[in-house]
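The values are calculated or read from the model by the stated rules, or taken from the named source; none is laboratory data. On a predicted model such as this, the values are computed, not experimentally measured, just so you know. With ideal geometry, Cβ positions are generated from the backbone for all residues, glycine too; neighbour counts draw on all protein chains shown.
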Amino acid sequence: MHIPDGFLDAKTAMATGGLAAAGLGASLHHVRRRLPRRKIPMLGLAAAFVFAAQMLNFPVAGGTSGHLIGGVLTAVLLGPSAAVIVLASVLIVQCLLFADGGVTVLGANIFNMGLIGAVVGYAIYRSVRGVVPGTRGVVMAAAFAAWCSTVLAAMVCAGELVLSGTVAWSIAFPAMTNMHMLIGVGEALITALVIVAIARANPELLELQTTTGAGLGYGQVLVFGLLISFGLALFVAPFACPWPDGLDKVAKTLGFEHRAVGATLVHSPIPDYQLPGIHSTMMATSLAGVIGTIVVFILAFLLARVLVPKPAPDSH
């Protein structure tokens with residue numbers, strides 16, 4: 001659902017950019033005040049995992065693919081404010097390093113996938129979390145919220161296209177909504193599977209009480225999580241579904257994909273997740289994925305490290 005340059009007009013890009021800036025600013029302020037210092041590495045890990053997972057497009061239907069957004073997943077683990085920072089880090093790196101999403105519409109992408117995907121998705125998660133108790137309730141609520149967040153983000157994206165005069169509402173809304181209702185199923189399944197794995201490895205991340213003391217510590221979760229992220233980028237990303245994603249498919253079907261041609265303003269060093277100079281397409285994708293995973297981990301980790309103040313020294 002990464003909007004490229006050329007799809008939105010100036011007024012819509014500026015409006016969504018302002019909303020994204022305000023939301024990101026509020027998130028930075030909240031994380032500075034509330035995030036426990038022991039969770040700082042988790043922001044880097046979440047960014048690395050979301051980036052690697054977003055490279056894994058899965059087939060949906062009719063020659064269309066989808067990929068994880070990860071807003072609800074990250075919000076359930078770290079809170080909505082931290083999730084906004086994680087998604088913004090991923091989207092900035094994707095935009096500037098890989099030409100995935102336009103520079104002029106970066107605010108729109110952060111607003112759609114970060115604020116709508118994470119904050120609104122988390123609100124839905126919290127509203128239904130108590131329906132079923134225990135871990136099962138967490139998993140079911142996260143899956144439902146993940147599906148809802150995908151569909152809602154697609155609806156907002158459709159509205160932005162309409163406000164820009166790119167396409168009529170009567171065709172943009174059903175096209176984007178119907179397609180992402182299917183993609184949302186994949187988002188829900190991936191979110192549920194990861195939540196189950198986290199619940200077994202470290203229930204504390206899900207605020208689940210455990211009396212046995214079993215489970216991995218934060219350091220072990222970080223190491224294993226990074227290994228999994230690098231593994232996805234190295235060995236799975238080259239085999240991702242090559243079909244266009246939901247927005248690209250809708251743009252092609254409705255005839256406005258040409259708006260992106262020649263509209264890119266910034267030359268990205270690793271366009272289309274293909275590291276230049278590598279003859280093997282699979283190797284070029286793997287190396288690009290590893291580079292991106294490292295960069296987003298460092299960016300999110302450093303942001304959290306700078307934001308979260310060190311504890312005051314004990315005066316006694």
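Key figures for this structure:
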item: Positions within segment 250-290 being β-branched (Val, Ile, Thr), loosely packed, with under 12 Cβ neighbours inside 10 Å and farther than 25 Å from residue 161 by Cβ, in sequence order; result: 281
item: Search result, residues across segment 35-50 that are in contact with a Phe, Trp or Tyr (Cβ under 8 Å, 6 or more places away or on another chain) and not small (Gly, Ala, Ser); result: 38, 39, 40, 41, 42, 43, 45
item: Segment 279-304 residues that are more than 9 Å from residue 51 (Cβ to Cβ) and touching a residue at least 12 places away in the same chain (Cβ under 8 Å), paired with ones that are polar (S, T, N, Q) and part of a helix (DSSP H, G or I) (beta carbon under 7 Å, 6 or more apart); result: 299/89; 300/89; 303/89
item: Residue list for segment 82-97, restricted to those being out of contact with any Leu (no Cβ under 7 Å at 6 or more places or on another chain) and buried (at least 24 other Cβ atoms within 10 Å of the Cβ); result: 83, 87, 90
item: Top-ranked residue in segment 32-45 [being surrounded by fewer than 23 Cβ atoms within 10 Å (Cβ to Cβ) and touching a Leu at 6+ places or on another chain (Cβ under 8 Å); ranked as nearest to residue 80 (Cα to Cα)]; result: 35
item: Count of segment 11-42 residues which are among the polar types (S, T, N, Q) and touching a Ser or Thr at 6+ places or on another chain (Cβ under 9 Å); result: 2
item: Qualifying position, being under 22 Å from residue 126 (Cα atoms), touching a Ser or Thr at 6+ places or on another chain (Cβ under 9 Å) and surrounded by 24 or more Cβ atoms within 10 Å (Cβ to Cβ), among 70, 66; result: 70
item: Single match in 154, 146 (criterion: in a helix (DSSP H, G or I), within 23 Å of residue 26 (Cα to Cα) and touching a residue at least 60 places away in the same chain (Cβ under 8 Å)); result: 146
item: Any chance residue 114 is touching a Pro at 6+ places or on another chain (Cβ under 7 Å), of a type in the set (Gly, Ala, Ser), touching a residue at least 40 places away in the same chain (Cβ under 8 Å) and under 28 Å from residue 273 (Cα atoms); result: no
item: Condition check for residue 48: buried (at least 22 other Cβ atoms within 10 Å of the Cβ) and aliphatic (A, V, I, L, M); result: yes
item: Residue within segment 109-116 that is modelled with pLDDT of 95 or more, touching a His at 6+ places or on another chain (Cβ under 7 Å) and either among the acidic types (Asp, Glu) or over 20 Å from residue 304 (Cα atoms) (or both) present; result: yes
item: Residue identified as in contact with a helix residue (DSSP H, G or I) (Cβ under 9 Å, 6 or more places away or on another chain), of a type in the set (A, V, I, L, M) and within 21 Å of residue 305 (Cα to Cα) among 83, 61; result: 83
item: Positions within segment 53-63 being outside any loop (DSSP other than H, G, I, E, B) and at pLDDT below 95, in sequence order; result: 60, 61
